[in-house]
Structures are given as C-alpha cells and as structure tokens.
Amino acid sequence: MKAVRFILITALSLLAPNAQTQNHAPHTPAVAGGPIRVLLLDGESAGVYHNWKVTTPVLRRELEETGLFQVTVITAPASGGDFSGFDPKFNKYQVIVSNLDSPDWPENLRVQFEEYVRAGGGLVVVHAADNSFPNWPAYNLMIGIGGWRNRDEHAGPYWYLKDGKLTSDSTPGKAGAHGARLPFQVVAQVPDHPILRGLPPVWMHAADELYGTLRGPGQNMTVLATAHSDPQNKGSGKDEPMLMVLSYGKGRIFHTPMGHDTAALSCIGFMTIFQRGTEWAATGKVSQKAPAHFPGADSVSYRVDIASMDPEFLKGASPVVSPKAPVPPAAPGGPAPPHL
Ligand code: ZN
C-alpha cells in the first residue's frame, strides 16, 4: 500500500512539480477544508489611546502567521455616520474578531450581527471592544461583561472570581477601571479547556491595562483565567476575569479584556491565547501547539518584530533626555563625565 501511495504521489509530482509551492506560502501549512475565514472589524474608538489603525494590522499578522486563517479587515463607519453602503456580509465568515469600540449601530446591522452569532458564527472580543455598544442587550449577552461608556448597575452586576468561584456583586457603581500599564500574572482557572491545554498554569503578561470592575449579564460565561487586580495600582483587590468563553445561541464567543496597545499585543502569551481563542470560536477546537518562549510565571516574553509595528516603539520606553548645559570635559586623570 505504501509503495502504491509513493508511486501515486511521484506521478502527481511529475505532473505538477510546483503544486505545493503554488498552493501555499512557505510557512503556511495545509488546512483541511481551507483556511478559517476571519472578519477583523474596526473603525472607531472612544479616544486616541486606542489606536485601532495601528493595532488592527498587528492582530491580522498574529492570525495570519499561524497559516490557519484568511483575514479580511472591514472598517465600519463611525457611529452616526452613513451606513447606507456598509454591507459586511457576516455570513461569509466563520468568526468575527472585534477591534471596534463604537457607541451604537443602526438596528438592521445589529439584527444581522445577532442572527449571525445565534446561528453559530464565532466572535472574538479584544480589549476595548468590550466598551462598545452599552445599550445593545444582545451584544452585552455575547461579551458577558463590559466597561465604560456610562455602564453602571443597570448593565448588570460586577463579576469576579472568589476562591476560584464565579461571583457577582450588585452594588451600584461605575463599570470599568484600570491602573498603570504594568506586567501582571495571568492564572489559568480551567486549564483543560482547549484554549489553555498544554500551557503553563501561570504566566506573566507583558505591560498592559488590567481591566477590573467590569459589569454585565454574565450569562453562559466561563472564566478561563484571571489576574489579581492590585490595590497598590488602583486595582479592585479581586481576581478579575482575563479570558472568558461564552455562548449566544449556537455561537461561540472568546473574550479577553487584555490587549491595550501593540506592546501588550506583542506578548507571546497574548498572541498564543488570541490565536487559539480565534480558532476555538470558529471551530470549537484548537489544533495549535504551545510555542517556544511562552512566558513563565515571573518573566515577560514578547516579540520585538511585533512590538516594533507601532511607530511609537522608536521613542523607547522612556523619553530621551538632552542635557541643557554642555557637559564639562573630564579633568585629566579625573572621572569620566556622566553618561546622559
Ligand atoms: Zn485600553
């Protein structure tokens, strides 16, 4: 049988010697049934601090370099703009990745989006996409919890983990807070979920906003991983949800509030989870292996080639300081001038 197969492959190779290189880029593995069709949605944010024009190409590259996904970016008009020519045809895609923070959408578009997810379409929500659409009940059921844009107790209770159990708190108050962007540990709560399987139980996420005190309906929501929100960094003191899976009708949703900027997105921990979460939302399975250099519990691990996709990267982590006065030359035999 082996010999027969060998001969068959050899014969096909003679007929089309370059078939493999014609069909696939060098690093693109063959995917049964073709690549997963992804709609990457952007177009608006609440402020310049969420620069979607920079982060969308980063998210796209992270998906495409797995060889599993075919990504189409669609930029929505800003809320209140002209939506008459906007027809994203959600049903062409297996999963929608949202990098969009919009206050509202026209009703016909909301209905199309709801029908898409209810019928089994996947959805991935990254960072400020959970600020979006505070007054759209179905969207808030899909994301489970969200923040800002005037969300308060009317959005639902606060949700967090206490002693490993999902806990809610209906105390009135604003939804959404974060401290300074610092590295923080992410702790797996459901380590055998396909998105987390084979990864370390605790890893250090690169500097990012740790979203806390998010509120929402929290229905059909499983918290896969948490991070402790440190009161010394304006935190809640609680174990806040960092990775969540939800269902809405037949649709699967993966939600992470991590990923403020390119520096955060360049974390190998984030990349891995984002790639796996998108595959899971689309198919219900994860075929990707754990990568080399996945961060450990005490050290960050990030990709410089990804981080440098942000023009701000060249400014460095701290501003360049120029001396106001000329530095005096060193006296002969004396100490060298200070290095500024
Ligand atoms: Zn942010």
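Values in this text are rule-based calculations from the coordinates and carry no lab data. The shown structure was predicted, so the numbers you read here are calculated from the model rather than taken from an experiment. Methodologically, a virtual Cβ is constructed for each residue, glycine included, from the backbone with ideal geometry; neighbour enumeration extends over all protein chains shown.
Structure above, values below:
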item	result
Global geometry of segment 65-199, whether rounded, prolate or oblate, following the gyration tensor of its Cα atoms and the 1.5 cut on a/c	oblate
Inter-label distance, nm, simple model (7 Å from Cα along the C-beta direction), Asp169/Asp192	3.1
Quotient of C-alpha Rg and 2.2 N^0.38 Å, computed over segment 29-313	0.92
Gln219 paired with Tyr49, simple spin-label distance in nm, labels 7 Å along Cα-to-beta-carbon	3.2
DSSP beta bridges in segment 29-313 [antiparallel fraction, %, rounded to 5]	60
Segment 29-313, relative contact order [Cα under 8 Å, separation at least 6], %	19
Calculated FRET efficiency for the pair Ala292/Lys234, C-beta based, R₀ 41 Å, to 0.05	0.75
Qualifying lysines (Cα of each under 22 Å from Cα of Lys165; at least 8 residues distant if same chain)	Lys238
Exposure proxy order (Cβ contacts within 10 Å, fewest to most) of Ser236, Ser45, Ser318, Ser168	Ser318, Ser168, Ser236, Ser45
Extension gain from Glu65 to Val304, taking 0.36 nm per residue of separation minus the Cα-Cα distance	84.5 nm
Ratio of Rg to Rh over segment 198-292 (Cα coordinates, Kirkwood Rh, two decimals)	0.96
Residue-by-residue Karplus 3J(HN,Hα) for segment 125-137, coefficients 6.51, -1.76, 1.60, Hz, glycine and proline x	10, 10, 6, 5, 4, 8, 8, 5, 6, x, 9, 9, x
Gln185-Ser79 pseudo-label distance in nm [points 7 Å out on the Cα-to-Cβ vector]	3.8
Ranked by how many other beta carbons lie within 10 Å on average, peptides 79-89, 197-207, 305-315 from highest	197-207, 305-315, 79-89
